Amino acid sequence: MRRLVFTIVLAAVIGTGAAQTLTTAIGQNPPTLDPQTTFNGFSFHVTNQIYETLVRVTPDNEVVPGLATSWEFVEPTRLRFSLRQGVTFHDGSTLDAAAVAASLERLLDPATAAPGRFVVSAITAVEVVDDTTVDVVTGQPFAPILAHLAHPVASVVPVGLADALSRDPVGTGPYRFVSWVDGSQVELVANDAYWGGAPAIERVIVRIIPEVSTQIVELRSGGVDIIFNVPPDNYLSLQNDASLVTEAIEGWGSAHLGINVAAPELADLRVRQAIAHAIDKALITEEFLRGLAAPAVAPIPGTVRFAAADLEEPYPFDPEGARALLAEAGAEGLALRLDVYQNPDLEAVAQVLQFALAEIGVDLTIRVQDFAAYTQAIERDDAQLYLTAWGTVTLDADYTLYAFFHSSEIPGNNRSRYAVDAIDALLERGRAVADDAERLAAYAEVQAAVVRDLPMVTLYYPLFTYAKRPGLEGEAIAFSWINLDLRNASLSD
Amino acid sequence: MRRFRRNRGALLGAVLVALLVGAAVFAPWLADRGPSQQDLRARLQPPSLTHPFGTDEFGRSLYSRVLHGARVSLLTGLIPVVAALVVGSSLGLLAGFFGGRLEGAIMRVMDVLLAFPSLLLALAVVGTLGPGLVNAVIAIAVVEIPQYARLVRSVVLGTREEDYVQAARALGAGNARLMLRHVLPSAIGPIVVQATLGIGFAILAMAGLSFLGLGVQPPTADWGEMLARGRRFLPEATWLMVFPGVAVSLTVLAFNLLGDGLRDALDPRS
């Protein structure tokens, strides 16, 4: 009897010692926890703990096995996946080829109205070969397909649960869903049956804390263990705090000043050149963003495959030259409107641009709206300038370049209304050929052209920042906060 | 007048208001540089001799922005009050003088407006019209209308039956003349008091709307907007909230003191 009591006490002590709870903070309530019906980072941050994709991308931009253990192109348009065996969903059902096919088909089905459908729209069929083998078929050769299947929207979901997934998610991932209090927190618990072994951190609480300053106070007081995307000024003060660990790593992000080349005020290349010449990218990145961003030339950062990282800036900071170009174009006293969505960081950048353009005699009105109204506004023909923060989530040049610059994407993604036949042809070639050297050549030409033609000025590539308590170790984060990978992480006091 | 001068609070209010008007009028000459002049190399500098109130996240002079903010605050304090005063008083005069169905219709509409908390109503109006300085001014004016309508109506109801008004009517004075020459003057005292207090409310409401991003648009200097943006830097740069915060508080206090003083001075019973 005494022995039994001792064992129970010992078990309890060990139990509490091992029961680790990690608390993260995010800025907004996720709209849904069904990764297929959203395109929202706050959703993905949570769903990436619960669901998994066939393949995943490492912090070194390598594609590694996820739910698939291997893959090969059996034909240029047919990619065959061998699935991991013995994987079950959190509800106990088995992950097999039929489940994978059904999940992708749900994402592709127009009735699902998935905002991220475009990520996989190259797929024309998903065919079950046997229980553990599935073929993904594209209409034409589509080189970046593997990277696209690593995107969170391509997470494998148990289709039978369909609409219920939004509030009660069920996946195959390292964490199971426990509860979700809207606007407050989402609670997850380690999946003991996880194929890679249960993670050491037993419980994850994702708290929703809108104010950055509140997040920082909570981090300092131990109320949360990790916060993401810390604004530069706050980041530097956290960096000086010896009781915290800060990280700034190259991400997949880029910030753009988009220019509607079809707007009468901006159709003249000289006017666009003047705008580019007015912007001191080095000043913005070094002083305003405190060195937590790199000045940009190409529309995609160097972390992305086929990025033209060594492109020379054709329009360096030169306010005199800018004024001369405006005079030459007969555009003195130009008044323009800049659309931006509600986001303290981007709104601040908008004000920096407003002052920079005022210095060359361009009167800029900033229109701040919520994201939906902003999107509608810049899809209208009378849009002029717009500010946007973007992420090349697949880390393949095609994702951003095709969306921004192919004429078929007007006005949905190609808000600059940039339509050049030669560029269209290059973009189509870039996704159709399998050879990396050929793809590189096509994308190099596209990037050189758009940097010259100025459908947008790429301002900078922000570093992805986070700050954590030193007890958290072993977390892996590939390029963005949504990719927080806790499978090998541990927490000590 | 003597009674007003004896009231120290009122006097302080008057002095503060005078200072505020002075700051607003002479802002361009008092400021060290333009309120929108950025200097990204001198961001978030604490108060010093070069930057009396420090600099903000764009390296703009906070001193200059607080001074220029007085212009926006005064304008957005005065314009909605004047607009509400004109519209509200007219409605109250009509309602009180003619009575009957007209009165019922006007006063019920006023009651509906009064039923909403004023800032909430202003938010709803701006939400409908869209953000911006002009729309925010309209919103605040709309919110203030019922106060003047009720005030003037109650005075008119009492005055309408006075002997001198009846005498004027017997002498053949028309309705318009009766209303403007004989009835309205008795309401001027209460209106002035209400308006002075209303300016304080309007400035506060405007700062609130700007704080929420619904008022002035960048780069216009406005106290509410400064508070909203400064909040992000509270741990690192306290001065960003202190100076505009003090400016709003002092201004609202000044108008309230002035209004209280005027009420005491103009109240015939005391």
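No lab work stands behind these numbers, since they all come straight from the coordinates. Fair warning: this is a prediction, and the values are worked out from it, not measured in the lab. As a convention, Cβ positions derive from the backbone with ideal geometry for all residues, glycine included, and neighbour counts pool all protein chains shown.
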The range B:23-117: trypsin sites (Lys or Arg not before Pro) in DSSP loop, at most 15 other beta carbons within 10 Å:
B:ARG33
Once you charge only the Cβ atoms, +1 for Lys and Arg and -1 for Asp and Glu, what is the size of the charge dipole of the range A:348-432 about its Cα centre, to the nearest 20 debye?
80
Quick one: give the max-minus-min coordinate of the C-alpha atoms of the range B:142-215 along each principal axis, largest first, in Å.
56, 18, 15
Work from the charge dipole of the protein assembly as shown (Cβ charges, +1 for Lys and Arg, -1 for Asp and Glu, about the Cα centre) and give the residue of A:PRO301, A:ALA154, B:GLY59 farthest towards its positive end.
B:GLY59
If you stretched the chain out fully between A:THR214 and A:ASP91, how much longer would it get, using 0.36 nm times the residue separation minus the C-alpha to C-alpha distance?
40.6 nm
Cα extents of the range A:218-359 per principal axis, largest first, Å, are 59, 32, 26
Nearest 10 degrees, 0 to 90: helix B:188-211 Cα axis against chain B principal axis
30
With r defined as the distance between the Cβ atoms of B:LEU75 and A:SER492 and R0 fixed at 60 Å, what FRET efficiency is calculated, to the nearest 0.05?
0.55
What does the C-alpha gyration tensor say about the overall shape of the range A:370-493? Classify as rounded when a/c is under 1.5, otherwise prolate if a/b is larger than b/c, or oblate.
oblate
Final fewest-first order of A:GLU52, A:GLU265 on the 10 Å Cβ neighbour count is A:GLU265, A:GLU52
Quickly work out the A:ALA98-to-A:ALA125 label distance, labels modelled 7 Å from Cα along the C-beta direction, and quote it in nm with one decimal.
1.9
What shape does the range A:49-98 take by its C-alpha gyration tensor, where a ≥ b ≥ c are the square roots of the eigenvalues and a/c under 1.5 counts as rounded, a/b above b/c as prolate, and the rest as oblate?
oblate
Per the Kirkwood definition applied to all pairs of different Cα atoms, how many angstroms is the hydrodynamic radius of the range A:253-463?
17.2
Please work out the FRET efficiency for the pair A:SER184 and A:LEU236, using the Cβ-Cβ distance as r and a Förster radius of 45 Å; give the result to the nearest 0.05.
0.90
Based on C-alpha coordinates, I'd like the Rg and Dmax of the range A:338-414, in Å.
13.8, 40
Taking loop as defined by DSSP and a crowding limit of 15 other beta carbons within 10 Å, which chymotrypsin sites (Phe, Trp or Tyr not before Pro) in the range A:79-150 fit?
none
Taking R0 as 45 Å and r as the Cβ-Cβ distance between B:ASP111 and A:ALA113, the FRET efficiency 1/(1 + (r/R0)^6), rounded to the nearest 0.05, comes to 0.50
For chain B, take the longest principal axis of its alpha carbons; what is the angle in degrees between that and the long axis of helix B:118-129, to the nearest 10 within 0 to 90?
80
Hydrophobic long helices for chain A, i.e. whole DSSP H runs reaching 15 angstrom or more by Cα along the axis with Kyte-Doolittle mean at least 0.5, come out as A:2-18, A:97-108, A:344-358
In cubic angstrom per residue, the convex hull of chain B built on its Cα atoms measures 147
Within 10 Å of each Cβ in A:285-297, the average number of Cβ atoms from other chains
1
Using a/c under 1.5 as the rounded threshold, could you call the protein assembly as shown rounded, prolate or oblate? The axes a ≥ b ≥ c are square roots of the C-alpha gyration tensor eigenvalues, and prolate needs a/b larger than b/c, oblate otherwise.
prolate
Sparse-neighbour loop sites [trypsin sites (Lys or Arg not before Pro); the range A:380-474; at most 11 other C-beta within 10 Å; DSSP]
A:ARG380
